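Beneath this line is the structure, given in structure tokens, with notes to follow.
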Amino acid sequence: MPEPGASLGAEIGSLAFRTAFTRWIAPANQLGFAELTRRTLDELRQAAATLA
């Protein structure tokens with residue numbers, strides 16, 4: 001994937017990881033890390049789609 005697509009993909013992946021991790025360690029969380037990561041990526045995809 002050429003620039004800037006590669007950079008954008010890396011940034012989104014990093015944001016998804018950080019967000020999912022923060023949600024995962026929250027005391028009230030009942031979901032697994034994988035599920036939280038999938039949900040977070042879906043949220044980011046939806047948000048990005050509104051920018052186009």
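Could you grab me the full set of residues in segment 1-40 that are at pLDDT below 95 and hydrophobic (A, V, I, L, M, F, W, C)?
Residues satisfying the conditions are Met1, Ala6, Leu8, Ala10, Ile12.
I'd like to verify a number: residues in segment 8-46 that are part of a helix (DSSP H, G or I), without any contact (Cβ under 8 Å) to a residue 12 or more places away in the chain and open to solvent by less than 50 Å² (accessible area, probe 1.4 Å), how many?
3
The values are calculated or read from the model by the stated rules, or taken from the named source; none is laboratory data. In this text, all values refer to a predicted model and were calculated from it rather than measured experimentally. Backbone-built Cβ (ideal geometry, glycine too); neighbour counts: all protein chains shown. Just so you know, the surface numbers come from the protein's heavy atoms only, side chains and all, with ligands and any DNA or RNA stripped out. Shrake-Rupley method; radii C 1.70, N 1.55, O 1.52, S 1.80 Å.
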